[in-house]
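Since every read-out is calculated from the coordinates, none of them should be taken as a lab result. Here the structure is a predicted model, which is why all the values come from computation and not from measurement. For neighbour counting, all protein chains shown are included, and Cβ atoms are generated from backbone atoms with ideal geometry for every residue, glycine included.
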Amino acid sequence: MSNTSAPASVEAGALSWEFAALTDPGRVRANNEDTIAFDASLGLVLLADGMGGYNGGEVASGMAIALLQASFGRWLAHAGPHAHPKAIRRALQAGTDEANAAILEAGIANVQLQGMGTTLVLATFGQRRVIVGHIGDSRCYRLRGNKLELLTRDHSLLQEQLDAGAITPQQAAQSPHRNLVTRALGIERHVELEMHDHTVQPGDLFLLCSDGLSEMVPDAQLFTLLSEDHALPEKATLLVTAANENGGRDNISVVLARAGGAGVPETTA
């Protein structure tokens, strides 16, 4: 189990951010194919859940995070905290394209890595706005006051069946197809990073997680754990512990980001 936390360095008068991250292999799997990273100084959070035989999943998620953190991190450091949201989204897609191509080519070059891929969820935390992007079924939630809201929509066969009315939520909970994603990095030549902007209020708490958490811990329990009066690293530990206590059937990764400060004027990023 690896736990890290850090406050963001921000300009005077800006909305402040605090981060914490934790990853754990769970109770069933011997290795951890999840990879997480965050840069508090840039307000950048990245989480990937790999898939593939041998060590393919671990390689794919590690490549995705390393490449995105390097390429987009450099861009964001140069563009600065007031970069326009459209420019941020273009840079995120460009970084995703680069990572996707690298993972795909590595799978072609190495037969043991053939077919490897990874989900991805990321976020950039600005002074008044958060941009969330995702591919696959890794998720982002926001706790605001007494409401927990899922900000991402899974790219999965199960979600497509739910959207089409082919199955009920009750049937979905028992479906054998829960882990079949319809979009992933490293599988096809092009993959779209679905991105959405969200406004921020002081006190907002964002949770990015792999399905090792969301599959094991129901939303009602997530709300209870996130609402408890604990420091962020303790909240992360409580979430991972709950997933393990509920079965721990997959790797579990969480990144938390909490907004602090008030009276900040509207900005473009």
Nearest-0.05 FRET efficiency for Arg144 and Asn31 at R0 = 45 Å, using Cβ-Cβ distance, is 0.80
Show me, for segment 202-207, the HN-Hα J-couplings you get by feeding each phi into the Karplus relation (A = 6.51, B = -1.76, C = 1.60, θ = phi - 60°), rounded to Hz, glycine and proline as x. x, x, 4, 10, 9, 10
Want the number for Gln93 to His78: 0.36 nm per residue separation, take away the alpha-carbon distance, what's left? 3.7 nm
Protection proxy (average C-beta count within 10 Å per residue), highest first, orders 92-101, 228-237 as 92-101, 228-237
What's the long-distance tail for segment 178-249, i.e. % of Cα pairs beyond 14 Å? 69 percent
Extension gain Arg189-Asn110, at 0.36 nm per residue separation less the Cα-Cα distance, in nm? 26.7 nm
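What is the percent of Cα-Cα separations in segment 112-161 that go past 13 Å? Walk me through the intermediate numbers first.
Working: 829 of 1225 pairs.
For segment 112-161, the fraction of Cα-Cα distances above 13 Å is 68 percent.
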So which DSSP H runs in the chain come out at 18 Å plus along the axis (Cα) with average Kyte-Doolittle of at least -1.0? 56-79, 85-109, 232-245
Expected vector for segment 210-217, Karplus 3J(HN,Hα) from phi with 6.51, -1.76, 1.60 and θ = phi - 60°, integer Hz, x for Gly and Pro, equals 7, 6, x, 8, 5, 7, 9, 10
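Based on the mean of other Cβ atoms within 10 Å per residue, sort peptides 145-153, 215-223, 31-39 so the most packed one is first.
On the way: 145-153: 13.1, 215-223: 16.4, 31-39: 22.7.
Answer by packing, highest mean first, reads 31-39, 215-223, 145-153.
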Each label sits 7 Å from Cα toward the beta-carbon; between Ala231 and His198 the label points are separated, in nm, by 2.5 nm
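When the helix-only estimate is applied to the chain (DSSP H runs of n ≥ 4, each -39,500 (n - 2.57), divided by the residue count), what is the mean residue ellipticity at 222 nm, nearest 500 deg cm²/dmol? Please list the in-between numbers first.
Working: 7 runs with 88 residues, N = 269.
That calculation yields -10500 deg cm²/dmol at 222 nm.
Run the numbers for Gln161 and Asn246: contour at 0.36 nm per residue of separation, minus the present Cα-Cα distance, in nm. Don't jump to the answer; show the numbers that get you there.
Numbers: separation 85, 0.36 × 85 = 30.60 nm, distance 2.56 nm.
Residue separation times 0.36 nm, minus the Cα-Cα distance, leaves 28.0 nm.
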